[in-house]
Amino acid sequence: MVVWLDRTDFARYALIPEELLPAWEGSEADDVIDEYVSALRPAGRRVLTLGAEPLSITWLAEYLTFARWCYADDDTGLPPAVRDASVSDGWEDVLSLELGGRYVLADAAYEADRTLDSLRGSGQPAEALRVEVPPGRYRVQSLVVDPDPNTQFMLERLLPE
């Protein structure tokens, strides 16, 4: 079962290192430019951000891929679409960065308390997802997939360099 973050008020998600989360003020999001993929530098660490549109998002750990729901009747076509896309030559390189460890994916503007409450399950629907990434340097690549005429997902994958 795929768990989706339903929306973002700010139209920007942040992949926040778990150790930075207690001090996360949400104001870090003010530094984000209007790109689909970018990085912030709070506390000397690069934080991956995904956004520019308030689309629902999920993490597919098996594929090291974030998926944003552009339009679809349901998400049943997502896993096969991501699997098929893994061999596509249409991926666009966006940026490279070091990642590794435990992260929380949440609206970049949400303060730590709101994100931590969601992780404890007190906020419904979910406003944060836990993400674990093996240590290494990754190239972030983007691709839009249309598994059928009524379905579109935006993908960002972490490709080990």
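The modelled label-to-label distance between Arg45 and Leu60, using points 7 Å beyond Cα along the C-beta direction, is 2.7 nm. Here the range 38-105 and the range 135-158 have alpha carbon centers that stand 6 Å from each other. The mean accessible area for residues of the chain, using a 1.4 Å probe and ignoring ligands and nucleic acids, is 50 Å² per residue. Label-to-label distance for Asp6 and Leu97 is 2.7 nm, based on points extended 7 Å past Cα in the beta-carbon direction. Averaged over residues, the count of other Cβ atoms within 10 Å places the peptides 95-104, 46-55 in the sequence 46-55, 95-104, highest first.
Would any residue of the range 118-161 have its amide N under 18 Å from a label point 7 Å out along Cα→Cβ of Glu35? List them or say none. It comes to 138-144, 155-159, nothing else.
For the range 75-161, the alpha carbon positions stretch 41, 34, 20 Å along the principal axes, listed from largest to smallest. Overall, the ratio between the Cα radius of gyration of the range 49-88 and 2.2 N^0.38 Å, rounded to two decimals, is 1.18. Counting protein heavy atoms only, the chain has 47 percent of its accessible area on carbon and sulfur, 1.4 angstrom probe. Taking only the alpha carbons of the range 40-119, we obtain Rg and Dmax values of 14.7, 41 Å in that order. Whole-percent P(r), the chain, all Cα pairs, 5 Å bins from 0: 2, 9, 20, 23, 22, 15, 7, 2, 0.
The values are calculated or read from the model by the stated rules, or taken from the named source; none is laboratory data. All figures in this text were calculated on a predicted structure; none of them were measured in a lab. Glycine gets a Cβ as well: all are built from the backbone with ideal geometry, and neighbour counts include every protein chain shown. Heads up: the accessible areas ignore ligands, DNA and RNA and are worked out on the full protein's heavy atoms, side chains in. Shrake-Rupley method; radii C 1.70, N 1.55, O 1.52, S 1.80 Å.
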